[in-house]
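Accompanying notes for the structure given below.
Each value in this text was obtained by applying a stated rule to the coordinates, not by laboratory testing. Here the structure is a predicted model, which means the values were calculated and not measured. Neighbour counts are summed over all protein chains in view; Cβ atoms, including those assigned to glycine, are modelled from backbone coordinates with ideal geometry.
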Amino acid sequence: MLAREDLMTLEAYAAVRAEFKRTAARHRRERQIQLGEHVTLCFEDRETIKYQIQEMLYIERHFEAQDIQDELDAYVPLIPTGCDFKATMMIEYSSPVIRAEKLQELVDIENRVYVQVEGHDRVYATADQDLERTTANKTSAVHFLSFDIPEPQRRELQAGAALGLGIDHPRYCQHVTELPDELKLQLVKDLA
């Protein structure tokens with residue numbers, strides 16, 4: 001997982017921050033995929049979360065033990081456990097007016113995102129285990145998703161089975177894509 005001793009002090013992080021950010025941004029792009037024009041998923045791992053925590057501590061100037069632990073408690077649950085994928089889902093529209101309208105239309109979209117191992121049923125995401133982000137009238141622009149992958153499907157993925165990703169929300173056009181090999185390899189590593 002990730003513990004306090006895995007993090008840099010604020011001073012150490014400040015010294016390497018520019019390069020750390022470049023490396024983290026490149027790694028994050030490798031773990032990102034677009035579903036249709038307006039939904040992006042970034043599959044989280046230890047490195048993406050470590051970067052997020054380091055940035056939060058740096059920006060907020062947190063160096064007290066409890067503040068560091070609070071950040072760990074908030075973000076460590078987003079690291080895959082070996083039997084799941086974890087992702088941040090972002091719903092993106094450039095116009096604030098259109099975004100507000102679409103977030104009303106897309107209520108429950110976070111529960112309609114799935115992965116599908118070739119030859120198996122869809123595995124739908126469990127969304128926002130930390131707190132509720134959707135109301136009866138509007139969904140949030142950001143959701144945290146967890147996909148619990150059954151053991152037989154994990155073995156088949158590790159053996160090379162194809163992996164698809166989709167959304168079957170009635171107001172988001174049934175977007176489906178097969179994951180590129182590079183991203184699939186990253187996710188298979190998450191299952192190790």
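The residues listed here are 78, 157; of these, the one that is touching a Leu at 6+ places or on another chain (Cβ under 7 Å) and among the aliphatic types (A, V, I, L, M) is 157. Inspection of segment 52-70 finds no residue satisfying the criterion of being in contact with a strand residue (DSSP E or B) (Cβ under 9 Å, 6 or more places away or on another chain) and either in contact (Cβ under 8 Å) with a residue 12 or more places away in the chain or part of a loop (DSSP other than H, G, I, E, B) (or both).
Looking only at residues in segment 137-177 that are among the polar types (S, T, N, Q) and more than 24 Å from residue 105 (Cβ to Cβ), the one that is surrounded by the most Cβ atoms within 10 Å (Cβ to Cβ) is 153.
Of everything in segment 1-26 that is surrounded by 15 or more Cβ atoms within 10 Å (Cβ to Cβ) and without any contact (Cβ under 8 Å) to a residue 40 or more places away in the chain, the residue that is nearest to residue 165 (Cα to Cα) is 24.
Under the condition of being touching a helix residue (DSSP H, G or I) at 6+ places or on another chain (Cβ under 8 Å) and aromatic (Phe, Trp, Tyr), which residue from segment 140-192 is nearest to residue 88 (Cα to Cα)? The qualifying residue nearest to residue 88 (Cα to Cα) is 144.
Filter segment 52-67 for residues that are touching a helix residue (DSSP H, G or I) at 6+ places or on another chain (Cβ under 9 Å) and surrounded by fewer than 18 Cβ atoms within 10 Å (Cβ to Cβ) and give the result. Across segment 52-67, the qualifying residues are 55, 56, 58, 60, 61, 62, 63, 65, 67.
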